[in-house]
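Comments concern the structure below.
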Amino acid sequence: MPQRKRIAVNRVIADGETICPCVIEMEHGKVIDFYRLAHELPATEWHCGTVVLACSDGEWTIMSSTVEGIFQ
């Protein structure tokens, strides 16, 4: 069964756009979705910091991060 993880961070920068605050959904260490956090979501891990995403061939990759423990 896939391990899906929902992480809320202070800021995501993706293709030059800044999203604050932001939720990143990951599965097996890969970004599958991200969106602006509009309200409290169940089963969400909260982390302070900024994540920079880049898109290649339709897939988002974490290029850099100041968030500790995002890959645990």
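Structure notes:
- Within the accessible area of the chain, the carbon and sulfur atoms contribute 51%, probe 1.4 Å, all protein chains present.
- The GluC sites (Glu not before Pro) found in the chain that occupy coil by DSSP, while having at most 14 further C-beta atoms within 10 Å, are 40, 68.
- 3J(HN,Hα) along segment 54-67: 9, 9, 9, 6, x, 10, 8, 10, 7, 8, 7, 7, 9, 8 Hz, from the Karplus curve 6.51 cos²θ - 1.76 cosθ + 1.60 with θ = phi - 60°, whole Hz, x for Gly and Pro.
- When DSSP beta bridges are restricted to pairs lying wholly in the chain, around 75% turn out antiparallel.
- Label-to-label distance, nm, for residues given as residue 64 and residue 33 (7 Å Cα→Cβ offset): 2.9
- Among (1) 11.2, 30; (2) 11.3, 34; (3) 13.0, 45, the entry derived from the coordinates for Rg and Dmax of the Cα atoms in Å: (2)
- Among 22, 46, 61 - extreme Cα towards positive end, dipole of the chain, charges at beta-carbon: 46
- Cβ-placed point charges (K, R +1; D, E -1), dipole of the chain about Cα centre in debye, nearest 20: 160
- Cβ-Cβ distance of residue 56 and residue 6, R₀ of 30 Å, FRET efficiency by 1/(1 + (r/R0)^6): the value works out to about 0.85.
The values are calculated or read from the model by the stated rules, or taken from the named source; none is laboratory data. Note that the coordinates shown come from a computational prediction; the quantities given were computed from them, not determined experimentally. So basically every Cβ, Gly included, is an ideal-geometry build from the backbone, and we count neighbours across all protein chains shown. To get the accessible areas, we keep the full protein, side chains included, count just its heavy atoms, and leave off ligands, DNA and RNA. Shrake-Rupley method; radii C 1.70, N 1.55, O 1.52, S 1.80 Å.
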